[in-house]
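Note sheet for the following structure.
The values are calculated or read from the model by the stated rules, or taken from the named source; none is laboratory data. Nothing here was measured: the structure is a model prediction, and the numbers come from that model. Please note: Cβ atoms are built from the backbone with ideal geometry, for glycine as well, and neighbour counts cover all protein chains shown. We work out accessible area using only protein heavy atoms, side chains counted, and drop any ligands, DNA or RNA first. Shrake-Rupley method; radii C 1.70, N 1.55, O 1.52, S 1.80 Å.
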Amino acid sequence: MEAYFDNAATTVVFPEVRELMVKIMEEDYGNPSSLHMKGVKAEQYIKDARSQIANEIKCMEKELIFTSGGTESNNLAIIGAAYAKKRAGKHIITSEIEHASVSATMDFLEKEGFEITYIGVNENGQFHLEELKQSLRKDTILVSTMYVNNEIGTIEPILEIGKIVKDFNPAIIFHVDAVQAFGKLRFSPKKLGVDLMSFSGHKIHGPKGSGALYIKDKTLLCPIIHGGGQQKGMRSGTENVAAIAGMGLAAKLMYEHHEDKISGMKALKQYFIDKVTEFPEVYNNSGDAPHIASISFMGVRSEVMLHALEEQEIYVSAGSACSSNHPQVSSVLKSIGLSKERLESTLRFSFCEYNTTEQVDYVISVIDKLLPMLRKYVRK
């Protein structure tokens, strides 16, 4: 039996999304900037996708631009805001547990002369609000944090963070990386007090290479890609029509019967946690997000367990798929205070609506056989 539990890394594309994308690539392949009917048809797909996403997050269609994914959206939001506001100051606040597409962008801006303050988190991975209050300054121009942590599934208190930021200075730009929240939580950036919000298509059963950025009306942002002036000059380059349309449809489908999908996902995640933590020296590090379970298997290195599971067609992650390109001890797990042994033995199991109780039972049965064997082998 194959059991794919790495949905926080990427998801299988919805069949309806695949069919739509194939149709666009084979039949409606015009350049959306072209004036003839092929171009007009292609442009309509982009308008439809913008409408679909705007409808789900309750924003204006003109407040959305499309990108190549969460990484580009985060780069555009952070660099674009920093450059747009640098005359007002060069101080930026973020957290210690951000995705690499945020933390690496902060490293870049630091070299450009910006000052970055990193806010710590508690043992559950939640933003220290008092530390944020103490870190805000007259020259603070941007606060950037994630909504749902991609490794442990902590849901950050975005409403409270936004209120603290805007009460201090309404001119500070508030950016939220919502890549792991989109499709899993119901939210409106406007109601949360957010100015910029990043999304990705391939985490919600859309295609890889698709993303979007919410830009609150009248928010200043400098583009980082220059060219033909597509998307009102905010993101030049011929739009990837098939990917954009696929992401729009995936968002629509993801939010249909949303409560049922998410309650089912939550129940399956909890069932898995309850079962797996019955094994000796197995610990749960998971936050409240419906789809992410972080589990430490003491006495077995995460890479060893990952590949042992893989041999049984069970697919999981040792952390963020992006950071696996540069293996190191997880900054997220360090920030929540895990011991060295737990740091080195943690796996992420992430769920989607296609996962089943039968798959979870299969995973539990495999772990039951693997754990004693691997612990005996490692301890020799």
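Using a cut-off of 28 Å between Cα atoms, the listed pairs Lys86/Lys166; Lys163/Lys208; Lys90/Lys203; Lys252/Lys334; Lys191/Lys252 include Lys163/Lys208; Lys90/Lys203; Lys252/Lys334 as exceeding that distance.
Treating the angle as unsigned and between 0 and 90°, give the value, to the nearest 10°, between the Cα long axis of helix 258-276 and the longest Cα principal axis of the chain. Relative to the chain, helix 258-276 is tipped by roughly 30 degrees. If R0 is 45 Å, the Cβ-Cβ spacing of Ile364 and Asn169 corresponds to a FRET efficiency of close to 0.35.
Once the Cα-Cα distance is subtracted from the 0.36 nm per residue extended length, the Phe108 to His128 segment shows a gain of 4.8 nm.
The stretch between Glu311 and Lys340, if pulled fully straight at 0.36 nm per residue, gains 7.8 nm over its current Cα-Cα span. Computed over the Cα atoms of the chain, pair by distinct pair, the Kirkwood hydrodynamic radius stands at 21.6 angstrom. Here Ser236 and Lys376 are evaluated by their C-beta separation; at R0 = 51 Å the FRET efficiency comes out at 0.30. Here the spin labels are modelled as points 7 Å beyond Cα on the Cα-Cβ line, and at Lys266 and Glu115 they lie 4.2 nm apart. Taking all protein chains into account, the per residue accessible area for region 126-262 stands at 37 Å² (1.4 Å probe). With a cut-off of 10 Å between beta carbons, the residues surrounding Arg186 carry a summed charge of 0, where Lys and Arg count +1 and Asp and Glu -1. Roughly how many percent of the accessible protein surface of the chain is carbon and sulfur, given a 1.4 Å probe and a whole-percent answer? That share works out to 53 percent.
By definition, a body whose alpha carbon gyration tensor gives a ≥ b ≥ c is oblate when a/c is 1.5 or more and a/b is not larger than b/c, and region 22-61 fits this oblate description. With the gyration tensor restricted to C-alpha atoms of region 230-380, the semi-axes of the equivalent ellipsoid amount to 33, 20, 14 Å, longest first. Compared with the dominant principal axis of the Cα atoms in the chain, helix 15-26 is inclined by about 40°. Between Glu160 and Lys38, the contour length at 0.36 nm per residue exceeds the Cα-Cα span by 39.2 nm. Given the options Ala82, Ala289, Ala100, which has the most mean-square fluctuation in a GNM of the chain, springs set between C-alpha atoms less than 10 angstrom apart? Evaluated over the chain, the most mobile residue of the options is Ala100. Approximating the spin labels as points 7 Å out from Cα along Cα→Cβ, the Asn55-to-Phe279 distance works out to 4.4 nm. Give the distance, in whole Å, between the Cα centre of region 165-207 and the Cα centre of region 217-275. A separation of 11 Å, based on Cα centres.
Note on the chain: helix-only mean residue ellipticity at 222 nm, from DSSP H runs of 4+ residues weighted -39500 (n - 2.57) and normalised by residue number, equals -13000 deg cm²/dmol. For a test of the definition: using alpha carbon positions, the gyration tensor, and the 1.5 limit on a/c, classify region 1-115 as rounded, prolate or oblate. Oblate. How would you classify region 92-232 from its alpha-carbon gyration tensor, with a ≥ b ≥ c the square roots of the eigenvalues: rounded for a/c under 1.5, else prolate if a/b is greater than b/c, otherwise oblate? Judged from the Cα gyration tensor, region 92-232 comes out rounded (a/c under 1.5).
Peptides 85-95, 252-262, 203-213 ranked from most to least packed, by the mean per-residue count of other Cβ atoms within 10 Å: 203-213, 85-95, 252-262. Region 297-313 and region 337-356 have Cα centres separated by 11 Å.
Counting only alpha carbon atoms, the long axis of helix 158-168 and the longest principal axis of the chain meet at about 50°.
Here r is the Cβ-Cβ distance between Arg18 and Leu220 and R0 is 25 Å; the resulting FRET efficiency, rounded to 0.05, is 0.05.
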